[in-house]
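J.: Mind having a look at this structure? Questions to follow.
Read-outs throughout are calculated quantities, based only on the coordinates presented, and are distinct from any laboratory measurement. Quick caveat: nothing in here was measured; it's all calculated off a predicted structure. As a convention, Cβ positions derive from the backbone with ideal geometry for all residues, glycine included, and neighbour counts pool all protein chains shown.
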Ligand SMILES: NC(=O)c1ccc[n+]([C@@H]2O[C@H](COP(=O)([O-])OP(=O)(O)OC[C@H]3O[C@@H](n4cnc5c(N)ncnc54)[C@H](OP(=O)(O)O)[C@@H]3O)[C@@H](O)[C@H]2O)c1
C-alpha cells in the first residue's frame, strides 16, 4: 500500500458519502414526482447530522440543478461539507481549458470558491486521456480544487492519468466506478487491488445497485423506468441474495439489507456514495457505518453474489 499524501488523506478517512444524481434528475430518478427539493434538503440535513460530510454531484446531474441545490443546502448549514463534482467530456470540449471553464461554471452553481474533489466523469472516446487530465492539473495549480480524480477509468486509463499528474507532482486522489454486490467487475479485473496499491481511493457508485439491494424491488414490483431495463434480468434471482442480506442484518443486531450491502462495500476497502431521496433513506443509509461485517459474512455475500457478478 502506497503512502497517502496529506492533501488527499481526507478521502481515505471518509467511510461513506452521499450521492446527488437524483437531485433534479427527472429522466432516471423521477425528480418532482418521487421526491421534491424539500425531501432532498431534509435528506441532506439528516446525512450531515449522522456525520456524512462528502456529497458527490456532477455538472450533468439534473442539467446543473443538482449542483445548484447542493449550493443552496450548503448555504443553509454551518456544518462543513466535502464537495465533489465532475466534468463531462462533451464532444466539443477538446482542450484542457474546457475543464477550467466547466469548473468555473460548477463553482458558480455551487456558490463556492473551490472544490474538494474535481473528477473527469468518463474517459472520452475522442480525446486522449492526457488532455483533460492536464486541465485537472491546471485547476489544482490555480487552487480551484484540493484534489483531483477520475471516474469510469480502467486500469490503463487510470495509469495514464497518474503519469500525467505525476509530471505536475499531483497525486490522483480517486477513481469513481460502479461497484456493488451485483457488479463486482472491479474486483475481478484487478482495478480495486491496483487502486489500493497506488493509494487511489476507489469510490463505489450505485452501492445499492440503484435501489435493488434494499429488497423493495421484486419480479412483481420491478424498479421503474430505465432501471427496469438495466436490472430486469436479475430480479428473478435477487430474492435469494436479499434473504441472505436480511439474515446477516439480523445477526448484526437489526441492520437492514441496504445497510449490509453498503457495509460490504466498506469492508472491501471502497468508499460508497449511496443516493438518498428523502429523510428515511438518508437515515437508513447512514446506519451502514459504525460497525463491520465479519469476514465470514463478507465471504458468504461474495459467494451468493457470484451468480450475478460480471
Ligand atoms: N460516476 C458515475 O458515472 C456515476 C454513475 C452512477 C452514480 N454515480 C454516483 O453514485 C451515487 C449513488 O448511485 P445511484 O444513485 O446510481 O444508486 P444507489 O446509491 O445504488 O441507489 C440510490 C437509489 O436507491 C433508492 N434508495 C436509496 N436508499 C434507500 C433506502 N435506504 N431504502 C430504499 N430505497 C433506497 C433510491 O431510489 P428509489 O427510491 O427511486 O428506489 C435512491 O435514489 C449517485 O448519486 C452519483 O453521485 C456516479
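J.: Give the distance, in whole Å, between the Cα centre of segment 173-220 and the Cα centre of segment 125-152.
T.: Their Cα centres are 23 Å away from one another.
J.: Using Cα springs under 10 Å in a Gaussian network model of the chain, which residue among 272, 219, 96 shows the largest mean-square fluctuation?
T.: Looking only at 272, 219, 96, the biggest GNM fluctuation is shown by 219.
J.: If one takes the longest principal axis of the Cα atoms in the chain, at what angle in degrees, from 0 to 90 and to the nearest 10, does the Cα axis of helix 295-305 lie?
T.: For helix 295-305, the angle is close to 90 degrees.
J.: Work out how far the C-alpha atoms of the chain reach from end to end along every principal axis, then list the three figures in whole Å, largest first.
T.: Largest to smallest, the principal-axis extents are 50, 41, 35 Å.
J.: Moving to a separate point now. When the chain is treated as a GNM, springs tying every alpha-carbon pair under 10 Å, which of 173, 288, 102 comes out with the largest mean-square fluctuation?
T.: Of 173, 288, 102, the most mobile in the Gaussian network model is 102.
J.: Sticking with this one: Using Cβ contacts closer than 10 Å as the measure, can you line up 65, 95 from fewest to most?
T.: 95, 65
J.: Let me ask something additional. Please state the relative contact order of segment 63-153 as a whole percent: Cα pairs under 8 Å, 6+ residues apart?
T.: 33 percent
J.: Most mobile of 18, 182, 244 per a Gaussian network model of the chain (Cα springs, under 10 Å)?
T.: Comparing 18, 182, 244 in the GNM, the peak value goes to 244.
J.: Using only Cα atoms, find the angle between the long axis of helix 155-166 and the longest principal axis of the chain, and express it within 0 to 90 degrees, rounded to the nearest 10.
T.: For 155-166 against the chain, the angle is about 40 degrees.
J.: Related question: Under the rule of -39500 (n - 2.57) per DSSP H run of 4 or more residues, summed and divided by the residues of the chain, what mean residue ellipticity at 222 nm is obtained, to the nearest 500 deg cm²/dmol?
T.: Result for the chain: -12500 deg cm²/dmol, rounded to the nearest 500.
J.: With Kirkwood's inverse mean 1/r over C-alpha pairs for Rh, give me the Rg to Rh ratio of segment 196-293, two decimals please.
T.: Dividing the radius of gyration by the Kirkwood radius yields 0.98.
J.: Explain nothing, just the number: relative contact order of segment 1-84, from Cα pairs under 8 Å at least 6 residues apart, as a whole percent.
T.: Taking the mean separation of contacting Cα pairs over the length of segment 1-84, I get 34 percent.
J.: With viscosity set to 1.306 mPa s at 10 °C, what whole-number translational diffusion coefficient in µm²/s follows for segment 92-231 from Stokes-Einstein and a Kirkwood radius over Cα pairs?
T.: After rounding, the answer is 96 µm²/s.
J.: On to the next question. Mind checking the angle between helix 238-251 and the chain's longest principal axis? C-alpha axes, 0 to 90 degrees, to the nearest 10.
T.: 90 degrees
J.: Just the Cα atoms of segment 1-160: what Rg and Dmax do they give in Å?
T.: Here Rg and the maximum Cα pair distance are 15.8, 46 Å.
J.: Could you tell me the relative contact order of segment 250-303? Use alpha-carbon pairs under 8 Å, at least six residues apart, and round to a whole percent.
T.: Relative contact order of segment 250-303: 42 percent.
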